[in-house]
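Please treat every number below as a calculation from the coordinates, not as lab data. Predicted model only: the values in this text are computed from it and were never measured. Heads up, the Cβs are rebuilt from the backbone with ideal geometry, glycines too, and the neighbour counts pull from every protein chain shown.
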């Protein structure tokens with residue numbers, strides 16, 4: 001038994017050395033980690049911006065008074081229809097198909113693969129963030145909006161200074177889950193040739209014919225990042241709850 005374990009350990013050590021140490025192959029995964037994180041951050045920022053805009057338009061449409069028939073009401077109706085189409089299309093089609101359409105159709109002439117990935121993931125994330133934020137906005141008592149308007153604030157300023165800050169506290173867990181999902185989904189960028197961690201692992205596999213070590217390393221890195229993000233979100237939520245009690 002001891003002899004078997006020794007052989008197994010030596011084989012594991014040999015595979016580890018071949019996969020990561022020789023020719024500094026670990027750099028493929030390290031550089032890929034940087035690409036993964038930057039794509040996720042860029043897409044998250046874009047997704048939140050799109051999500052806030054969509055959520056404000058849709059919640060504004062839902063809260064408007066039906067008897068008010070003016071130009072602004074008509075514009076809001078048109079914008080709400082466009083937002084609904086956007087949400088239906090993005091949430092009803094696979095992320096990989098959207099990414100491939102962005103890369104091979106819409107931005108076929110672009111050589112900036114990173115930017116294409118950020119835009120594709122940002123647009124996809126924006127659809128989910130929009131519904132999360134909209135739910136948070138609709139959970140705020142309508143008297144808050146009336147109070148802001150009575151102070152002389154217009155709709156946008158009332159949303160910015162009164163409604164959205166309160167809604168953020170309610171939607172933080174859902175936003176955190178969306179961020180984690182987005183981070184994991186970035187592994188799809190391999191299909192358009194972007195050298196993320198998965199692509200780095202595949203390059204190592206192609207050089208060494210060893211699949212277990214590089215892929216397990218990528219899986220562990222993703223797991224560690226998700227655990228850290230989950231822990232940070234838990235701490236942040238706890239502190240926000242404590243600040244509300246004071």
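Okay, here's what the table says:
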item: Label point 7 Å beyond Cα of residue 241 along Cβ direction - residues of segment 152-183 with amide nitrogen under 17 Å; result: 168-177
item: Highest-first arrangement of 25-34, 183-192, where packing means the average Cβ count within 10 Å; result: 183-192, 25-34
item: Residues of segment 214-242 with amide N under 15 Å of a point placed 7 Å along Cα→Cβ from residue 12; result: 214, 216-217
item: Estimated FRET transfer efficiency when R0 is 51 angstrom, pair residue 161-residue 219 (beta carbons, to 0.05); result: 0.70
item: Angle in degrees between helix 212-245 and the longest Cα principal axis of the chain, rounded to the nearest 10; result: 30
item: Ranked list, fewest to most other Cβ atoms within 10 Å of each Cβ, for 129, 156; result: 156, 129
item: Pair residue 110, residue 30: separation of 7 Å Cα→Cβ label points (nm); result: 3.0
item: Likely footprinting exposure, 80, 196, 24, fewest C-beta neighbours within 10 Å first; result: 24, 80, 196
